[in-house]
Amino acid sequence: MTEKGLADVVAAQTSVSDIDGKLGKLWYVGYDIHDLAEYSTFEETIFLLHNHRLPNGEELERYTERLVEERELEDFTQGLMPTFAEVSAPMSMLRTAISASSAYDPDGWDHSAEGNERKAIRLTSRIATMIAAYHRIRSGREPVPPDPKLPHAANFLAMLTDEEPDEEGARALDICLILHADHTMNASTFAARVVASTLSDMHSAITAAIAALKGPLHGGANERVMEMLQEIGEPEKADEHVRKLLGDGERIMGFGHRVYKTEDPRATHLRRLSRELGERAGDTRWFEISERVEQAVMDEKGLFPNVDFYAASVYYYLGIPIDLFTTVFAASRVAGWTAHVREQLEDNRLIRPESDYIGPRDQRYVPIEERR
Ligand code: COA
């Protein structure tokens, strides 16, 4: 019998990313996440995850052009947005929009390796446009068309706010996208690989991944973190709030991790970004409350913050609405999901584990008239 929640079970071989939970290390294709956060861009990171090497200058230029060319939504998906804006929460919109967009994908019926590579680029590029269009329409405003001159992160912010972001804000989001792009066999990536292993299609795998990411134990935690910070309201109230939550047997969102037993290396960058963006905004309140919560959870439970904890205040400082936080996670993780789907298909075998039956055995079938 394996551990509950498949803890410690190796479910796939991968060359995409690797974690050392004891050392608090994360690598994409052997590159330390700290180096990528400092020197890379989201575009280059997507290339790395998909090609298992860094691009040269010309390759990156061409790859970036391909991503830019795929930003605009097809009329069909664009046409669904007003309905989503009226009736759907953001992650449900994204899950359904990705699924629906498969109908008009130019490679819809092409399940070849080349077709899947094109679909991966298209999906990675368009998720940001979907989120922004949905948000603009639900706020009673016109969607902002993608700007081909801007890099992915800056364009994403520009489409959300209708303002070209300054360099610091755009780079902060770029780093967030790099940090969230892949993370070994997390629940959503596993879901994507399970679906791909049945030889279903790329859109189905990504739809399943989004469905998994939505939950508060996975990507949904970042929104709950910001709600908690707002509820706390001021740094001095953090200790008491944390003690109360823990006393009531509740989990503190943004803390704990299945694999990391020390600081999550992504949290290190997000903590710094939260402080820097707070200072830039002249309002370090959300950073200060976060720091106090971090200290209180460490004192009370010995738990470290995970990627979702400081991402919350970073997104908030960037002016991203709280209920879009998890979709921003998806806009990044789609790079990893699609890379994993392609890797799964390169050497596929149906993922079909066993279960341990714990129900009753040897029951006698009783006709319905004789049942009490
Ligand atoms: N707050 C309070 N206690 C927590 C906790 C948290 N955020 N995370 C874990 N714990 C405690 C559990 O209560 C449990 O304690 P117990 O042994 O006394 O019952 C112990 O730590 C182990 O928790 P468990 O749920 O078995 O760990 P897991 O590996 O299954 O779960 C998470 C990992 C991420 C789901 C879990 O840490 C969690 O729920 N975190 C909050 C949600 C979150 O931030 N998710 C984003 C992940 S990137």
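The values are calculated or read from the model by the stated rules, or taken from the named source; none is laboratory data. Not measured: the values here are computed from a predicted model. For neighbour counting, all protein chains shown are included, and Cβ atoms are generated from backbone atoms with ideal geometry for every residue, glycine included. Calculation scope for accessible area: heavy atoms of the full protein, side chains included, ligands and nucleic acids excluded. Shrake-Rupley method; radii C 1.70, N 1.55, O 1.52, S 1.80 Å.
Things worth noting here:
- Of the residues making up segment 297-347, those that are within 13 Å of the ligand (Cβ to nearest atom), part of a helix (DSSP H, G or I) and within 18 Å of Arg275 (Cα to Cα) are Val307, Asp308, Phe309, Tyr310, Ala311, Ala312.
- For segment 110-151, a tally of residues being in a helix (DSSP H, G or I) and closer than 30 Å to Asn348 by Cα returns 16.
- Verdict on Arg258 being closer than 23 Å to Ile33 by Cα and modelled with pLDDT of 95 or more: no
- Against the test of being among the basic types (Lys, Arg), free of Cβ contacts under 8 Å to residues at least 12 places away in the same chain, open to solvent by 50 Å² or more (accessible area, probe 1.4 Å) and part of a helix (DSSP H, G or I), the options Arg66, Arg62 yield a single qualifying residue, Arg62.
- Pair list, Cβ < 6 Å and 6+ apart or interchain, from segment 22-37 residues that are of a type outside the set (Val, Ile, Thr) to residues that are part of a strand (DSSP E or B): Leu26/Ile19; Trp27/Asp18; Tyr28/Ser17
- Residue match in segment 286-295 (condition: within 13 Å of the ligand (Cβ to nearest atom), more than 29 Å from Ala158 (Cβ to Cβ) and open to solvent by less than 50 Å² (accessible area, probe 1.4 Å)): yes
- Of the residues making up segment 12-32, those that are of a type outside the set (Val, Ile, Thr) and more than 15 Å from the ligand (Cβ to nearest atom) are Ala12, Gln13, Ser15, Asp18, Asp20, Leu23, Lys25, Trp27, Tyr28, Gly30, Tyr31, Asp32.
- Residue match in segment 152-175 (condition: in contact with an Asp or Glu (Cβ under 9 Å, 6 or more places away or on another chain), open to solvent by 10 Å² or more (accessible area, probe 1.4 Å) and within 16 Å of the ligand (Cβ to nearest atom)): no
- The single condition among (1) within 10 Å of the ligand (Cβ to nearest atom); (2) part of a helix (DSSP H, G or I); (3) modelled with pLDDT of 95 or more; (4) crowded, with 21+ Cβ neighbours inside 10 Å that Ala191 does not meet is (1).
- Residue within segment 134-144 that is within 22 Å of Ser15 (Cα to Cα) and at pLDDT 95 or above present: no
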